[in-house]
Amino acid sequence: MTINTIGIVGAGQMGNGIAHVMALAGYEVLLTDISSDALDASVALIDKNLDRQVSREKISLAEKNAAMKNITTTLALSDLGATDLVIEAATEREKIKQSIFDELLPHLQPHTILTSNTSSISITRLASRTDRPEKFMGFHFMNPVPVMKLVELIRGIATDEPTFKACHEVVERLGKTSASAEDFPGFIVNRILMPMINEAVYTLYEGVGNVSSIDSSMRLGANHPMGPLELADFIGLDTCLAIMNVLHDGLADTKYRPCPLLTKYVEAGWLGRKTGRGFYDYRGDEPVATR
């Protein structure tokens, strides 16, 4: 099937990035959220980020204007039923994602493909509760979406080949690279990345090094562009903890046990950049390590 229209659920960090790249690639995008303020903020951010690309001569002004015209917003989730492909990019909580699909199902066209941008939740389980498990798969973008070149495509046990091919073609049109992953906890990227971040938190928890020394060691000693604790703050400590819990519960291996210090930061509401504090304090002119 040919995909022309794309519905995106959630106007947060991931949703607005997905809308950005889809609109720039020429797709008609319908973006929804439960908050009109979130939708307005998302469109304003996309406009700002496209302007940055124009200033850096990555795209032309005409391409930027065309992309903005491709984006429409709505508060009614049911409006997305008319699209060819739906990408759910809501909070990383299975009950929330399931309620979104439950509300969407009565309004979908027979050919509409359902996907989730989940970073770790079982695609097979999400798909099994819909009326179209064969047209359901994982469509996992990396953050920040306009910059990162990889998209993980995750088949559930029932996902059919036409659905996979259609999503693969979308990734190619975006100019990104797809990695085909099997439906196991964390898929590929987070199965490897999150335990590394969790181990960095354990290294801090056990006093082996402080925040600055851990991050500088990995930047300079392993040539990582960003230290693991800085990266955790960027991702969101609540998201990191949620993924570690999925790995721990789904694989039943103690090596995936979330570090108690990570749990403590989340309990404190210190979730990273989005709340102003995490492993670094971002409320001043420069980030300052909190430990």
How many residues does the range 240-257 hold that are surrounded by 21 or more Cβ atoms within 10 Å (Cβ to Cβ) and either over 21 Å from GLU182 (Cα atoms) or touching a Ser or Thr at 6+ places or on another chain (Cβ under 6 Å) (or both)?
3
Near pairs, Cβ below 6 angstrom, 6+ apart or cross-chain, from the range 239-263 (assigned to a helix (DSSP H, G or I)) to any residue that is surrounded by 14 or more Cβ atoms within 10 Å (Cβ to Cβ) and among the aromatic types (Phe, Trp, Tyr):
LEU247/TYR256; HIS248/TYR256; LEU261/TYR205
So how many residues does the range 78-102 have that are of a type in the set (A, V, I, L, M) and within 17 Å of ILE18 (Cα to Cα)?
6
Can you name every one of the helices (runs of 4 or more DSSP H) wholly within the range 1-94 that holds 2 or more residues which are in contact with a helix residue (DSSP H, G or I) (Cβ under 8 Å, 6 or more places away or on another chain) and buried (at least 23 other Cβ atoms within 10 Å of the Cβ)?
13-24, 36-55
Close pairs (9 angstrom Cβ cut-off, 6 or more residues apart or separate chains): touching a residue at least 60 places away in the same chain (Cβ under 8 Å) in the range 163-181, among the acidic types (Asp, Glu) anywhere:
ALA166/ASP84
Can you name every residue in the range 142-186 that is buried (at least 19 other Cβ atoms within 10 Å of the Cβ) and of a type in the set (Asp, Glu)?
GLU152, ASP183
Which one is surrounded by the fewest Cβ atoms within 10 Å (Cβ to Cβ) among residues in the range 269-291 that are under 22 Å from the mean Cα position of the chain (by Cα) and hydrophobic (A, V, I, L, M, F, W, C)?
TRP270
Exactly one of (1) among the aliphatic types (A, V, I, L, M); (2) more than 19 Å from LEU114 (Cβ to Cβ); (3) over 16 Å from the mean Cα position of the chain (by Cα) is unmet by ALA158. Its number?
(2)
Might you let me know whether the range 214-221 holds any residue that is over 24 Å from THR118 (Cβ atoms), at pLDDT 95 or above, loosely packed, with under 14 Cβ neighbours inside 10 Å and in contact with an Asp or Glu (Cβ under 8 Å, 6 or more places away or on another chain)?
no
What's the number of the condition GLY207 fails, among (1) at pLDDT 95 or above; (2) part of a helix (DSSP H, G or I)?
(2)
If HIS224 passes every condition in (1) in a helix (DSSP H, G or I); (2) of a type outside the set (S, T, N, Q); (3) over 18 Å from the mean Cα position of the chain (by Cα); (4) surrounded by 14 or more Cβ atoms within 10 Å (Cβ to Cβ) but one, which one does it miss?
(1)
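The values are calculated or read from the model by the stated rules, or taken from the named source; none is laboratory data. The structure displayed is predicted, hence computed values, not measured ones. Cβ atoms come from the backbone with ideal geometry, glycine included; neighbour counts cover every protein chain shown.
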